[in-house]
Amino acid sequence: MIIDSCYEGVLTKLTAQGKIKEISDHLLSLDTNDKRVLFVYKILKGLNAFPKVQEAKKNDDLSVNYRNQGNTFFQQYKYHKAWQYYNLSLLYATLCSENYCLALSNRSAVFYELGKYAECLQDVDKVLSLEYPKKLLEKLTKRKEMCKEVLKKKDTKVESLELSEILEMECEKDSRYVAASNKLEVLYTDEMGRHVVAKRDIKVGEILAQEDPYLSVLLKSQILCSCSYCLSRSLNLLPCDSCCMALYCSNECKEKAWREYHSVECPLMVTLVEMDFTKLELLALRTVIKARTDHNSWNDLFKTIEDTDANYNSEFRGHVKIDDKWIFDSKYYPSIHTLETNLEKRSVSDIFQKAVTAVVFLRFLETNTQFLNGDEDKEKIRTTVAGLLLLHLMTSPTNMHGISTPNADSQNSKFLDEVSLAGAAYAFISLLNHSCAPNVVRFSKLGSSRMTLYAIRPIKKGMQIFDNYGSHHALEDRMTRQASLKFQYKFICMCEACRNNWPTYFSLSAQRFSMVPPNLTKSKNKLLSEHTIESLQRGDLKTARNIYKRLCILSETLEPYAPCVELCDCQESLKQCLAIFGGLSLYGTTQLIDWKQMLPIAGTSENMTRVVKNKFKDWYLH
């Protein structure tokens with residue numbers, strides 16, 4: 001059962017009983033999140049509507065099945081798909097078993113064929129450190145020697161393209177808002193809420209913030225391709241010891257994840273994936289778990305929440321006191337606890353739906369984990385968790401940020417659509433208000449959750465820093481943008497693009513909305529020639545490096561003529577450069593297998609699976 005079906009089933013039963021209005025009225029009368037969740041909990045209990053947690057353990061039969069599917073793709077020279085199936089085989093194999101070793105051994109063959117000789121050696125050495133089947137020794141030894149021979153001859157000299165002045169913040173960070181440049185300050189007004197303004201003039205291309213998230217959630221589609229903790233794109237991923245839904249780039253990441261949240265969610269992972277919870281809902285659950293594991297005891301967490309709530313209406317909202325100094329930092333829970341919920345703007349149906357999700361999470365935690373156990377007041381623990389779950393289910397949709405990468409449509413071709421990788425909680429960047437014509441843009445390096453904030457328009461002292469929440473004037477008309485923003489973020493946008501009804505990019509092209517001097521148009525066309533644009537679309541680092549600073553200068557010069565095609569072209573090219581600097585996901589690594597739909601029936605054995613053989617590749621596969 002997916003979570004949407006659970007919610008719809010509850011509504012159907014309540015409608016049949018004629019209780020919708022009564023329940024809505026009572027829900028609206030409740031004044032705290034924990035009361036709302038526990039009220040809805042009683043409703044689901046009365047309807048016997050709790051979904052069940054599916055038990056999922058390591059399964060060597062499934063491991064064999066997935067390994068054989070990997071072998072099939074290997075024989076077809078589809079190495080990236082074979083790699084993913086061998087990762088699946090590794091996930092399901094009993095830890096350090098023969099199937100575990102065979103999955104690693106076959107994966108090393110993929111790396112050899114892809115020219116990833118260091119990665120191949122790493123997997124071979126891992127197998128040889130285990131109690132591996134003796135039949136592997138000759139093949140692995142031969143493969144190891146071949147890799148060493150190639151690496152010995154390989155020219156490791158790489159062209160150096162210095163990017164530190166682009167990718168690292170040059171000015172000092174703020175002593176209080178530790179992720180931000182000291183050129184910024186946070187203010188509060190009734191109209192704007194907490195928002196960020198410039199204390200000094202800022203040029204295009206300047207870095208204004210670099211922030212590590214409180215935590216991140218890897219999308220289900222990326223489980224086989226990335227570290228579930230740090231988002232690294234390491235190829236030598238290793239599985240969680242217990243579940244079949246997490247791979248890690250190192251023992252360090254595996255241990256950190258286990259300590260911070262995975263020890264609690266591990267027995268729930270298959271159910272959470274199968275129920276199709278969104279990344280925002282999973283971020284909420286994981287945030288509540290980490291809030292507790294960040295503290296030595298439940299009482300310590302209660303004290304933090306009490307102190308944080310006491311500061312809610314002060315200038316130290318979301319701050320913690322470190323060595324008698326107030327700081328705002330994503331690594332501390334109070335910064336996340338105090339993000340905006342927009343509760344007063346939510347409909348009763350929205351609150352009820354989120355409360356149902358909170359109830360399901362609460363039920364899972366209390367019946368299938370030890371999370372709610374403690375020496376403290378057990379009822380207080382339960383009510384606190386109930387309230388926190390609903391709190392973060394409301395803060396996530398309006399504050400959390402997605403992490404993505406451009407995707408190539410074919411080998412040696414252009415990078416086209418964005419591929420979503422993960423979602424993460426950034427406290428400082430969440431303070432930025434929206435504009436449909438933003439003056440900053442966010443980027444992260446591929447394989448990292450650190451978010452960097454760049455200026456893409458000149459910002460004068462006293463001006464507000466505006467992010468974009470996904471509705472941009474160049475892509476959508478005002479009516480479409482405002483409807484989308486009202487639905488998710490609960491506000492009517494009054495940015496300059498909305499106030500002045502700026503045209504979309506294609507409308508600008510057709511009607512020449514703003515008269516740009518011919519010399520500037522000529523400069524833009526020369527800088528962004530057809531050849532240059534094609535090079536950027538192919539992800540060419542040298543081209544991006546050569547034009548980046550000139551794009552920044554030209555964007556400054558074109559600013560008085562906004563909105564105009566020339567400025568839009570410069571800004572989009574700046575974004576392409578930053579994406580290239582951050583690292584692009586190469587073709588193959590985003591050609592994902594849909595393994596949920598291909599999940600074999602439990603009990604499948606090796607004899608039941610057809611193995612495709614190739615006499616020229618027999619030494620590789622097992």
Inset, instruction - Working only within region 297-337, note down all residues that are of a type in the set (D, E, K, R) and within 15 Å of A425 (Cβ to Cβ). - result: D329, K331
Inset, instruction - Return the residue satisfying two criteria in turn: it lies in region 393-431 and is assigned to a loop (DSSP other than H, G, I, E, B), among the small types (G, A, S) and modelled with pLDDT of 90 or more, and of such residues it is farthest from S216 (Cα to Cα). - result: A427
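Residue-wise test of (1) at pLDDT below 95; (2) part of a loop (DSSP other than H, G, I, E, B).
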| residue | (1), (2) |
| --- | --- |
| T532 | no, no |
| S555 | no, no |
| P563 | yes, yes |
| S573 | no, no |
| Q576 | yes, no |
| L592 | yes, yes |
| W595 | yes, yes |
| T604 | yes, yes |
Inset, instruction - Please go through region 487-505 and pick out each residue that is farther than 22 Å from R442 by Cα and surrounded by fewer than 17 Cβ atoms within 10 Å (Cβ to Cβ). - result: F487, I492, R499, N500, N501
Legend entry - Tally of residues being in contact with a Gly (Cβ under 8 Å, 6 or more places away or on another chain) and closer than 16 Å to I429 by Cβ across region 198-234: 2
Inset, instruction - Answer yes or no: is there a residue in region 517-525 that is touching a residue at least 40 places away in the same chain (Cβ under 8 Å), out of contact with any helix residue (DSSP H, G or I) (no Cβ under 9 Å at 6 or more places or on another chain) and surrounded by fewer than 17 Cβ atoms within 10 Å (Cβ to Cβ). - result: no
Inset, instruction - Considering only region 335-351, state which residues are under 30 Å from R176 (Cβ atoms) and in a helix (DSSP H, G or I). - result: S335, I336, H337, L343, E344, K345
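Every residue, every condition in (1) at pLDDT 95 or above; (2) of a type in the set (A, V, I, L, M), yes or no:
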{"position": "C171", "(1), (2)": "no, no"}
{"position": "S181", "(1), (2)": "yes, no"}
{"position": "V186", "(1), (2)": "yes, yes"}
{"position": "G193", "(1), (2)": "no, no"}
{"position": "V196", "(1), (2)": "yes, yes"}
{"position": "D201", "(1), (2)": "yes, no"}
Inset, instruction - Out of the residues in region 294-345 that are farther than 27 Å from L28 by Cα, among the polar types (S, T, N, Q) and crowded, with 16+ Cβ neighbours inside 10 Å, state the one that is farthest from the chain's Cα centre (by Cα). - result: T304
Inset, instruction - Go over the candidates E131, E149, E119, E138 one by one and state the one that is acidic (D, E) and part of a loop (DSSP other than H, G, I, E, B). - result: E131
Legend entry - Counted residues, region 486-505 - those being farther than 17 Å from L432 by Cβ, part of a loop (DSSP other than H, G, I, E, B) and either at pLDDT below 90 or not aromatic (F, W, Y) (or both): 5
Inset, instruction - State whether the residues of region 208-215 include one that is more than 21 Å from S330 (Cβ to Cβ) and either buried (at least 22 other Cβ atoms within 10 Å of the Cβ) or out of contact with any Lys or Arg (no Cβ under 9 Å at 6 or more places or on another chain) (or both). - result: no
Inset, instruction - Please determine, by comparing only the residues of region 49-63 that are in a loop (DSSP other than H, G, I, E, B) and within 28 Å of the chain's Cα centre (by Cα), which one is surrounded by the fewest Cβ atoms within 10 Å (Cβ to Cβ). - result: E55
Inset, instruction - Check region 81-90 and report whether any residue there is surrounded by fewer than 22 Cβ atoms within 10 Å (Cβ to Cβ) and either outside any helix (DSSP H, G or I) or under 29 Å from the mean Cα position of the chain (by Cα) (or both). - result: yes
Legend entry - Filtered residue count, region 351-374, keeping only those that are within 25 Å of the chain's Cα centre (by Cα) and at pLDDT below 95: 0
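The values are calculated or read from the model by the stated rules, or taken from the named source; none is laboratory data. What you are looking at is a predicted structure, and each value in this text was computed from that prediction instead of being measured. A quick note on method: Cβ atoms are made from the backbone with ideal geometry, for glycine too, and the neighbour counts reach across all protein chains shown.
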